[in-house]
1. Tell me the relative contact order for the stretch 71-182 as a rounded percent, counting alpha carbon contacts under 8 Å between residues six or more apart.
2. Along the Cα-to-Cβ line of LEU154, 7 Å from the Cα, sits a label point; which residues in the stretch 89-130 have backbone N less than 16 Å from it?
3. Just the number, please: carbon plus sulfur as a percent of the accessible area of the stretch 100-142, 1.4 Å probe, no ligands or DNA/RNA counted.
Amino acid sequence: MTDVNGALSGPIKLRVSLIYPEIAVFQIGLFVAMIWRGLDYVTPPDEKPGALSVVEQALPFHAWGAALLGAGAVGLLGLVWARWPITALAHGGAVALYAAFAVGSLLSILERIETAPPLLVTATLVLVFAAVVIVVALVEWRAKAWRSAAWVLLAATVTGCIIALAASTGVYGWRTATDWLFVLAVAHAVMADASIDAWRDLNQHVVEEANHADPAP
């Protein structure tokens with residue numbers, strides 16, 4: 001594939017530019033979902049929930065609720081006031097929160113494993129994990145342009161190994177963890193990257209307009 005100058009353009013990269021109403025609506029939906037989930041944590045039921053991950057137990061419900069509400073509200077504010085990268089920061093906070101919940105959910109799966117997994121399954125997963133670690137190391141060394149994809153592959157491999165170990169011993173519940181990690185966390189990560197790009201483009205446009213402005217008499 002070549003660009004307008006005839007030079008090789010390299011790997012195709014999908015970049016989301018926040019200029020279409022659909023993207024803004026998608027972000028609003030993500031932040032409203034955060035606020036809704038935050039309200040759920042701030043107003044827990046009278047009885048103590050029976051299934052909480054180790055991460056959810058680390059802080060009071062109100063703390064998790066405040067974090068989710070704050071990130072969601074800040075994200076919505078950033079969509080209105082784009083002078084500072086507020087939206088990108090809110091998306092980054094969402095990634096951290098959802099990734100933490102995903103880790104907690106995966107750890108809760110490991111805690112429920114009572115019998116040893118089959119030796120063949122364990123050996124296969126160890127080999128797969130080692131191979132992916134080698135791939136990530138090679139990418140970090142010689143192909144840094146693929147760094148993001150390599151780390152996503154590593155996260156997917158770790159999650160898949162835990163799921164396989166749990167499934168081989170009859171333990172389930174992995175759907176929640178994968179939803180946290182590969183739907184919500186990834187969606188917010190993509191939007192954080194796109195928001196930073198949009199903010200940089202906006203600032204660049206402001207600078208260019210200032211440079212081309214006629215000097216005052």
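1. Contact order relative to length: 35 percent.
2. 128-130
3. Exposed carbon and sulfur together represent 77 percent of the surface.
The values are calculated or read from the model by the stated rules, or taken from the named source; none is laboratory data. Quick caveat: nothing in here was measured; it's all calculated off a predicted structure. Here the Cβ is made from the backbone with ideal geometry for all residues, glycine too, and neighbour counts use every protein chain on show. Protein only, heavy atoms only, side chains kept; ligands, DNA and RNA dropped before computing areas. Shrake-Rupley method; radii C 1.70, N 1.55, O 1.52, S 1.80 Å.
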